[in-house]
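To start, the structure under review is shown below, and the notes come after it.
The values are calculated or read from the model by the stated rules, or taken from the named source; none is laboratory data. Keep in mind the model is a prediction, meaning the values are calculated, not measured. Cβ sites come from the backbone with ideal geometry, for glycine too, and all protein chains shown count toward neighbours.
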Ligand code: HEC
């Protein structure tokens with residue numbers, strides 16, 4: 001059963017690699033869901049939740065760039081336009097809703113500009129941003 005599911009998954013993956021132009025949802029499923037789960041839920045101790053959280057990075061300075069430069073994004077095989085589309089899909093899908101309503105979508109041009117150099121101190125960068133999110137009230141910039 002598992003082997004069959006795996007073989008099917010690999011087949012799907014190789015189709016996707018040879019015939020690009022997937023929808024963001026399919027790109028998420030193939031490239032991101034393995035760690036981030038279908039519903040954006042977390043894996044305690046290893047992968048943080050996207051659900052009701054990922055959009056909050058947009059509320060602190062540097063957070064928008066972080067979402068592009070985090071290894072899962074920047075080092076994915078997705079090209080700039082595909083990554084922009086997946087990030088937009090993630091923000092809209094996982095929210096929180098009050099952030100995604102006011103969200104300016106990522107563009108391929110923005111992703112290209114920000115994607116490199118890669119983020120080396122991911123844990124520090126992340127905890128710095130999350131710490132600033134927690135500081136009430138949210139500062140305007
Ligand atoms: C191998 C597991 C893995 C895969 C695959 C993965 N990620 Fe992640 N992702 C993580 C982990 C772990 C973090 C937390 C930051 C870190 O340690 O890199 C994270 C964080 C993020 C964040 C920032 C959210 C936060 O709370 O820090 C975004 C945005 C993100 N990933 C996008 C993606 C996208 C887009 C894809 C698919 C193209 C993807 N990730 C694939 C493991 C993964």
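Quick one: residue 56 ticks every box in (1) near the ligand (Cβ under 8 Å from one of its atoms); (2) surrounded by 14 or more Cβ atoms within 10 Å (Cβ to Cβ); (3) under 25 Å from residue 133 (Cβ atoms); (4) more than 11 Å from the chain's Cα centre (by Cα) bar one, so which box is it?
Of the numbered conditions (1) near the ligand (Cβ under 8 Å from one of its atoms); (2) surrounded by 14 or more Cβ atoms within 10 Å (Cβ to Cβ); (3) under 25 Å from residue 133 (Cβ atoms); (4) more than 11 Å from the chain's Cα centre (by Cα), the odd one out for residue 56 is (1).
Would a scan of region 87-102 turn up a residue that is near the ligand (Cβ under 9 Å from one of its atoms), within 10 Å of the chain's Cα centre (by Cα) and either more than 18 Å from residue 52 (Cα to Cα) or assigned to a loop (DSSP other than H, G, I, E, B) (or both)?
Checked against the condition, which is being near the ligand (Cβ under 9 Å from one of its atoms), within 10 Å of the chain's Cα centre (by Cα) and either more than 18 Å from residue 52 (Cα to Cα) or assigned to a loop (DSSP other than H, G, I, E, B) (or both), region 87-102 yields no hits at all.
Between a first residue in region 24-49 that is closer than 18 Å to residue 70 by Cβ and part of a strand (DSSP E or B) and a second residue that is within 7 Å of the ligand (Cβ to nearest atom) and modelled with pLDDT of 95 or more, which pairs have beta carbons less than 7 Å apart while being 6 or more apart in sequence or on different chains?
Between residues of region 24-49 that are closer than 18 Å to residue 70 by Cβ and part of a strand (DSSP E or B) and residues that are within 7 Å of the ligand (Cβ to nearest atom) and modelled with pLDDT of 95 or more, the close pairs are 47/35; 47/36.
Residue 108 fails exactly one of the following numbered conditions: (1) within 19 Å of residue 22 (Cα to Cα); (2) near the ligand (Cβ under 9 Å from one of its atoms); (3) over 13 Å from the mean Cα position of the chain (by Cα). What is the number of that condition?
Result: residue 108 fails condition (2) only.
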